[in-house]
Structure formats: structure tokens, C-alpha cells
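A.B. asks: Take this structure first; my questions come after.
Nothing in this text is a laboratory measurement; each read-out follows from the coordinates by a stated rule. Just so we're clear, the structure is a prediction, and the values are computed from it rather than from any experiment. Glycine also receives a Cβ, built like all others from the backbone with ideal geometry; neighbour counts cover every protein chain displayed.
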Amino acid sequence: MYNDDPHNTLYDALHRPLRDLRISVIDRCNFRCTYCMPETENNHYSFLKSQEWLSFAEIVRLTGLFVSLGVTKIRLTGGEPLLRPNLFELISSLRAIGSIKDLALTTNGSLLVQHARALREAGLNRVTVSLDTLDARTFHQMNGRKGSLQRVLEGIACCEELHFDSLKINVVLQRGVNDRQILDLVQYFKGRQAILRFIEYMDVGNCNHWDMRYVVKTREVIDLIHAHFPLRPLEAKALGEVAMRYAFEDGSGEIGFIASVTQPFCGTCTRARISTEGKLYTCLFASEGTDLRTPLREGLSDLELSRLIRRIWGQRTDRYSEQRSHLRSQPHLAPKVEMFQVGG
Ligand code: SF4
């Protein structure tokens with residue numbers, strides 16, 4: 001089932017292959033989602049200047065190196081990646097790197113109507129839209145009173161018309177906020193091209209005041225949906241897939257669940273992340289990243305850069321979600337990288 005090519009695979013210290021690269025192309029966002037960049041913490045955010053961002057040429061060069069080390073899936077993230085000007089140019093350059101199977105984008109959907117066609121024509125094949133509710137009041141409660149729910153729904157409809165290979169809708173559930181809207185969301189997307197995925201609220205970064213009491217456990221969500229729309233489990237499509245896949249018994253499609261808190265999947269985590277300013281992070285909850293931009297700009301050769309990446313990944317032992325409660329009980333936990341700096 002898993003087509004691992006032993007000749008072109010870089011394993012970490014826990015024998016997990018490097019397969020996925022997530023690239024944050026901008027740390028800014030036009031939303032202020034409570035679980036990522038809450039409005040209340042506005043004064044803590046200092047964003048990078050554009051000259052600090054990796055240039056498109058630098059992103060393409062680094063991506064080529066990661067692909068030569070076994071990466072086949074690239075996901076562009078942010079902040080909000082569609083705020084990065086001319087993103088379609090980067091996508092067509094990345095698409096030219098032959099052995100990239102999946103070229104994906106995670107967006108809040110607010111700018112999709114304007115950009116979806118150009119992204120599709122440039123070679124993007126997967127889109128994931130973060131949409132936590134269909135209720136306008138809750139939408140603004142969860143994203144810091146920004147943007148329009150209707151605009152995001154129109155953006156999703158645009159993507160459906162353009163027939164991306166995959167279109168997913170990520171819903172972060174927070175108890176007491178949007179957990180009573182689960183069945184409405186299922187009803188709305190069931191039978192459509194877009195695949196709904198419910199995500200457990202996570203303690204990403206340092207600003208969202210995470211508390212386990214606000215986590216809606218995936219088991220609860222599956223039981224609730226199954227009681228109304230019978231489900232059956234599906235096999236994972238690939239090693240490192242984060243979502244547990246289920247099919248609707250009535251044949252109207254599938255639905256997914258990402259249970260990073262209650263059913264961690266660190267054991268098969270194949271993801272590396274590059275931040276907007278070019279730091280390599282080996283875990284979403286990491287505190288330290290390795291600067292690749294300086295050696296890149298100081299003229300290191302591809303071979304030397306590959307060796308650096310090999311060394312970092314080879315030493316990787318991250319499994320934060322499996323160790324969460326132990327690590328969170330430590331008196332001095334080092335601040336983590338913010339999700340808007342490395343993408344989800
Ligand atoms: S917590 Fe870190 S190691 Fe575990 S699945 Fe998430 S990114 Fe991977």
C-alpha cells in the first residue's frame with residue numbers, strides 16, 4: 001500500500017521518512033483566528049519585512065533539494081498564503097520540478113474567488129480551506145471579526161467548478177464555540193466534492209490560551225455523526241496521512257478526522273516545515289528551527305545544503321503530541337514557534 005522507494009528515502013532517528021514539505025510563504029494574515037493568532041494578542045505580533053521572506057527563487061531551489069531527498073508532497077501555507085503577491089508564479093515554477101506528486105495550498109478562503117483559476121492553471125492540484133462554521137456570527141467570533149463567510153463559501157464553490165484533484169474543508173472544533181454546528185456542516189458538505197475534516201483544537205504556538213477542556217474529542221464527533229449519518233472507516237491512502245478517513249454508508253462521499261490531541265500520529269509523521277524567513281522546523285510544536293536562508297544567501301552549494309538538511313532530519317526525534325501532557329507539566333517549557341510562522 002505504501003510505495004516507499006528505499007533508494008530515495010531519508011529517514012529520521014525514529015525511522016520516519018521525509019515525504020512532505022510545508023512552506024510558509026508569508027507570516028501575515030487577514031484573519032485573527034482564536035486558535036492561531038487571536039486578536040487579543042495583537043500587540044505581540046511582529047511580522048517579517050518582505051526582504052526577510054525567502055524569495056520565490058530561493059523557495060524553488062530549496063524545494064528542489066528536498067525533492068531530491070525524497071519529498072513528493074509540497075504544501076504552501078502561511079499566515080494566509082494568498083496575501084503573497086503573484087503566488088501563481090511560484091506554483092508554476094514548483095510544478096516544473098518533475099517529481100512533485102502533490103502541490104497543495106492551505107488557505108482561509110477569503111481570497112480564493114480572485115485567485116483560484118490562476119492557481120489551478122499554474123499547476124496547483126490540491127486546496128484545503130479552513131472554515132470553522134456556517135454561522136456568520138460564529139465565523140466572526142472565531143476569526144477576529146474579519147472577512148465574509150459568504151466570500152469563503154463562494155471561493156469553495158469556485159474550486160469545485162475548477163475540479164482540483166482534492167478539495168478539503170478543515171474545521172477546528174472548540175467546545176462551547178462551534179461544536180453545536182457539527183451536523184449543519186456535515187449536512188452542507190455531504191455529497192459535495194469538498195471533503196470535510198474535523199480537527200481537534202491544539203496547543204499550537206504560545207497565544208491561543210489552549211485548555212484541554214475546550215477540546216472536542218474525535219471519538220465524540222464520530223459517534224455524533226454516525227448516529228445521524230452512518231459511517232464506516234476507510235484505509236489510509238498514504239503513510240503519514242494525518243486524517244482518519246471515513247465513508248458515509250449511503251455512498252455520498254467521505255469525511256475526515258484529525259485527532260492530534262487524543263490519538264496522536266507522531267509515529268508516522270513525515271512532515272518538515274520551512275518558515276517564511278527560511279528556518280527548517282521538524283515539528284509543528286518545535287521551539288527551534290535551523291536557518292537555511294543565511295547559508296543559501298552566503299553561497300553554500302546544493303551538495304552542502306543537502307548535507308545540512310540530511311543532518312537535521314537524520315537527528316529528528318520530535319513527537320510532541322505523544323509527549324504533550326508530560327511536556328506541558330514541565331515548569332519551563334520553551335516558547336514554541338507560532339503556527340502562522342510555519343503553517344499548520
Ligand atoms: S506533533 Fe510534531 S512530530 Fe507529532 S505529528 Fe505533529 S508535527 Fe509530527
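A.B. asks: What is the antiparallel percent of DSSP beta bridges lying wholly in the chain, to the nearest 5? Numbers along the way, then the final one.
C.D. replies: Values: 13 of 45 bridges.
Close to 30 percent.
A.B. asks: Enter the angle in degrees (range 0 to 90, nearest 10) between the Cα long axis of helix 218-228 and the first principal axis of the Cα atoms of the chain, meaning the one along which they spread out most.
C.D. replies: Tilt relative to the chain: about 40 degrees.
A.B. asks: I need the phi-derived Karplus couplings for the range 23-28: 6.51 cos²θ - 1.76 cosθ + 1.60, θ = phi - 60°, integer Hz, Gly and Pro marked x.
C.D. replies: Each residue's phi maps through the Karplus curve to give 10, 8, 8, 6, 9, 8 Hz.
A.B. asks: Picking from Pro331, Pro85, Pro230, which is most flexible by a Gaussian network model of the chain using Cα springs under 10 Å?
C.D. replies: Pro331
A.B. asks: Continuing with this model, one more query. Need the C-alpha centroid separation for the range 165-237 versus the range 259-299, integer Å.
C.D. replies: 25 Å
A.B. asks: For the chain, just the Cα atoms, rotate onto the principal axes and tell me the three extents in Å, largest first.
C.D. replies: 57, 50, 47
A.B. asks: Report the residue, chosen from Gly109, Gly147, Gly278, that carries the largest GNM mean-square fluctuation when the chain is represented by alpha-carbon nodes joined by springs under 10 Å.
C.D. replies: For the chain, modelled as a Gaussian network with Cα springs under 10 Å, the answer is Gly147.
A.B. asks: Based on alpha-carbon positions alone, could you give the equivalent ellipsoid semi-axes of the range 194-339 from the gyration tensor, as √(5λ), descending, whole Å?
C.D. replies: Numbers: eigenvalues 234, 83, 30 Å².
Its equivalent ellipsoid spans semi-axes of 34, 20, 12 Å.
A.B. asks: For every helix of n ≥ 4 consecutive DSSP H residues, a contribution of -39,500 (n - 2.57) applies; sum these over the chain, divide by its total residues, and give [θ] at 222 nm rounded to the nearest 500 deg cm²/dmol. Walk me through the numbers on the way to the answer.
C.D. replies: On the way: 11 runs with 105 residues, N = 344.
Taking each H run of at least 4 residues, the total per residue is -9000 deg cm²/dmol.
A.B. asks: Using only Cα atoms and rounding to the nearest 10 degrees, what angle (0 to 90) does helix 302-314 make with the longest principal axis of the chain?
C.D. replies: 50 degrees
A.B. asks: Still on this structure: Order of 194-204, 17-27, 114-124 by packing, highest average Cβ count within 10 Å first?
C.D. replies: Working: 194-204: 21.6, 17-27: 24.0, 114-124: 18.5.
Top of the packing list down: 17-27, 194-204, 114-124.
A.B. asks: Which whole-angstrom value gives the distance between the alpha carbon centres of the range 94-114 and the range 12-77?
C.D. replies: 13 Å
A.B. asks: Rank by packing, highest mean first: peptides 51-59, 231-239, 251-259, with packing defined as the count of other Cβ atoms within 10 Å averaged across residues.
C.D. replies: On the way: 51-59: 15.8, 231-239: 13.6, 251-259: 17.9.
Highest mean packing first, the order is 251-259, 51-59, 231-239.
A.B. asks: Let me ask you something else. Can you list the residues, at least 5 places off or on another chain, whose amide H is less than 5 Å from the amide H of Asp135, using H built in the peptide plane?
C.D. replies: Counting only residues 5 or more places away or on other chains, the set is empty.
A.B. asks: Still on this structure, please answer the following. Taking the 0 to 90 degree range and rounding to the nearest ten, how far is the long axis of helix 112-122 tilted relative to the main principal axis of the chain, both from C-alpha atoms?
C.D. replies: 50 degrees
A.B. asks: Related question: Check Arg175: other-chain or 5+ apart residues with amide H under 5 Å from its amide H, H built from backbone geometry?
C.D. replies: Under 5 Å from the amide H of Arg175 lie the amide H atoms of Val215, Val216, each far enough along the sequence or on another chain.
A.B. asks: Given an 8 Å cut-off on Cα distances and at least 6 residues of separation, report the relative contact order of the chain as a percent. All intermediate terms of the calculation are to be shown ahead of the outcome.
C.D. replies: Values: 654 pairs, mean separation 78.6, N = 344.
This gives 23 percent for the chain.
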